[in-house]
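Enquirer: Below: one structure in structure tokens.
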Amino acid sequence: MHGGDPEDVQRERWTALIGRLRDDASALVVAFIERVQVIPPYGRGVVPMDRLVTDATLTFDVLLRRLAGQTLPDRMRSIAPSIGRDRARRGVPLDDLLTAVRLDFRVLWSALRDRATPADEALLVAHAEDVWNVVEDYSTQVQVSYQAEAALLARELLGERTMLVAALLDNATPTREEVARVAVALDVDVDADLLVAAAPPASGQLLRRA
């Protein structure tokens with residue numbers, strides 16, 4: 001029978017439950033990998049399996065530390081942003097990425113229920129919102145870094161397209177290879193008919209509006 005403050009007893013039981021999850025963290029990773037394969041980009045292997053396993057292992061380490069009320073080391077604070085940037089570079093749609101990240105809640109909650117005793121039912125209810133909030137905060141970090149990286153990639157792509165088109169227009173007799181590079185950059189067929197609109201620099205804003 002436990003003595004002491006009831007809140008301290010509950011905290012100890014919660015910490016012990018989280019500890020049981022950490023002792024079997026590899027099972028969390030396996031469960032996540034099985035579930036995430038249903039999401040199309042992941043099922044197609046857009047993210048290599050070794051990267052998936054590594055990121056899932058690091059993610060659950062972060063989430064379990066936070067659920068245990070531990071302060072994250074500096075090196076672990078970059079994990080969520082790193083995942084967001086990586087998925088943006090690989091072209092994983094944001095909605096699919098967020099669906100994958102939120103699978104962490106389902107995996108964690110299922111594991112907590114499996115490892116809890118009947119006496120822990122009230123404990124789980126009391127901490128359900130904590131589990132959700134920790135995963136949502138992690139998801140937000142991933143999303144912010146994804147969007148920042150996607151914006152950077154879009155600017156780089158726009159710059160590349162601008163340079164290729166400018167080089168093409170400056171060349172009176174471009175080779176088919178040069179035309180093909182521009183077609184790839186613009187994501188159009190090399191033999192497609194195009195409607196081109198042009199304007200002097202002073203009218204550039206009006207042209208973009210049109």
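Enquirer: Give me the distance in nm between label points sitting 7 Å out from Cα along the Cα-to-Cβ direction at residue 10 and residue 119, one decimal.
Expert: Each label point is offset 7 Å from its Cα along the Cβ direction, giving 1.6 nm.
Enquirer: Moving to a separate point now. Given that just one value was derived from the coordinates, which of (i) 23.2, 85; (ii) 16.6, 46; (iii) 24.9, 89 is Rg and Dmax of the Cα atoms in Å?
Expert: Here the calculated entry is (iii).
Enquirer: Can you compute 3J(HN,Hα) from phi for each residue in the stretch 73-78, using the Karplus curve 6.51 cos²θ - 1.76 cosθ + 1.60 with θ = phi - 60°, rounded to whole Hz and x for Gly and Pro?
Expert: x, 4, 5, 8, 6, 8
Enquirer: Still on this structure: Quick one: Karplus J couplings for the stretch 130-139, per residue in order, coefficients 6.51, -1.76, 1.60, θ = phi - 60°, nearest Hz, x for Gly and Pro?
Expert: Couplings: 4, 4, 4, 5, 5, 5, 5, 5, 5, 4 Hz.
Enquirer: Of the chain, which part is the longest with no trypsin sites (Lys or Arg not before Pro) in a loop (DSSP not H, G, I, E, B) and with at most 16 other C-beta atoms within 10 angstrom?
Expert: Numbers: sites that count: 44, 77.
The longest such stretch corresponds to 78-210.
Enquirer: HN-Hα J couplings of the stretch 101-113 from phi, Karplus 6.51/-1.76/1.60, θ = phi - 60°, integer Hz, Gly and Pro as x?
Expert: Working through the residues one at a time gives 5, 6, 4, 4, 5, 4, 5, 4, 5, 4, 5, 4, 5 Hz.
Enquirer: I would also like to ask the following. Quick check: residue separation of residue 106 and residue 143 times 0.36 nm, minus the Cα distance between them. What number comes out in nm? Walk me through the numbers on the way to the answer.
Expert: Values: separation 37, 0.36 × 37 = 13.32 nm, distance 1.87 nm.
Length gained, residue 106 through residue 143: 11.4 nm.
Enquirer: When the chain is fully extended, how far beyond the present Cα-Cα distance does residue 202 get from residue 175, taking 0.36 nm per residue of separation? Present the calculation step by step, with values, prior to reporting the outcome.
Expert: Values: separation 27, 0.36 × 27 = 9.72 nm, distance 3.12 nm.
Gain on extension, residue 202 to residue 175, equals 6.6 nm.
Every number here is computed from the coordinates shown, using simple stated rules; none is lab data. Quick caveat, the model's predicted, so the values are computed rather than measured. Note that we place each Cβ from the backbone using ideal geometry, even for glycine, and neighbour counts take in every protein chain shown.
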